[in-house]
Amino acid sequence: MASSQGPSLRELAVQALSSVEDGYDLLAPKFDHTAFRTPDDVLDATIDALRPLGPFGRGLDVCCGTGAGMRVLASVCQGSIIGVDFSTGMLQQARRAHPQADAQWVRADVRALPFGGAFDLVVSFGAFGHFLPAERPALFAEVYRALRPGGLFAFPLGTPSPMTSRWYWAMLGFDVAMRVRNAVWRPRFVMYYRTWPLDAVCNDLSASGFAVTSVPLTALGHRKNGSARYRLVLARRVGEC
Ligand SMILES: C[S@@+](CC[C@H](N)C(=O)[O-])C[C@H]1O[C@@H](n2cnc3c(N)ncnc32)[C@H](O)[C@@H]1O
């Protein structure tokens with residue numbers, strides 16, 4: 001987008017008129033040159049927050065895309081690391097970008113994860129806008145099932161922008177445009193910025209059986225009211241370790 005190697009406006013429009021899976025297949029070759037790839041500073045802040053809680057054994061990156069989050073897993077996990085995504089195109093790019101033997105890639109819809117009790121750490125970056133609030137309990141149940149007892153589900157969430165900021169109105173405008181698009185066009189492309197507020201997410205995680213906390217990612221800056229721009233949600237699968 002900002003980069004000359006990123007997709008053109010026409011390519012973005014064609015992607016936005018597709019399903020989520022087809023859209024990412026189309027975008028995949030240029031995805032790493034868009035603002036949609038999770039930036040390195042978010043990954044670094046997550047590594048810094050997770051390191052004192054580790055080391056972890058096996059790790060899973062949910063909705064891995066081209067593999068941005070695998071850098072986090074590689075930094076804090078001592079066992080095998082797996083990225084899961086339903087876009088074949090994104091997984092092809094991920095394989096190219098991460099040729100190391102210890103990274104594995106699985107094509108699956110994360111609403112039906114093909115794993116049970118297998119991971120010590122599950123992470124996810126930049127993908128939850130693709131899931132409606134009503135889908136959260138089922139998604140969290142899948143992650144819970146994929147974790148070992150005592151395992152951790154960790155992901156960063158942005159805290160709300162104040163109404164006085166440009167971001168507030170930009171995100172609101174984007175979400176309204178997507179709702180109009182999805183009311184008049186099929187297949188739907190579910191992607192909303194404002195549907196995963198921290199409190200509701202933590203409540204749904206607790207209802208799914210997780211013990212939930214969050215820590216501020218202070219390296220990513222603060223809002224005018226002093227609160228951190230991002231928090232790392234830490235949801236532990238309780239039970240016997
Ligand atoms: C914005 S990208 C984020 C990619 C990567 N995590 C990152 O931070 O750069 C969202 C990813 O979620 C994947 N995705 C969305 N819904 C999915 C689902 N139901 N099952 C599996 N993958 C999904 C898309 O294919 C895409 O690769």
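The gain in end-to-end length when the Q100 to A138 segment is fully stretched comes to 10.5 nm, 0.36 nm per residue minus the alpha carbon separation. A simple packing score, the average count of other Cβ atoms within 10 Å per residue, orders the peptides 120-128, 160-168 as 120-128, 160-168, with the highest score first. Between N203 and V14, the distance separating the two model label sites (each 7 Å from Cα on the Cα→Cβ line) works out to 4.3 nm. Here the contact order of the chain, divided by its residue count and restricted to Cα pairs under 8 Å and six or more residues apart, works out to 19 percent. About its Cα centre, the dipole of the chain is roughly 420 debye, where the only charges are +1 on Lys and Arg Cβ and -1 on Asp and Glu Cβ.
Rule-based calculations on the coordinates, nothing more; no lab input. Here the structure is a predicted model, which means the values were calculated and not measured. Ideal geometry is used to build each Cβ from the backbone, glycine not excepted, and the neighbour counts take in all protein chains shown.
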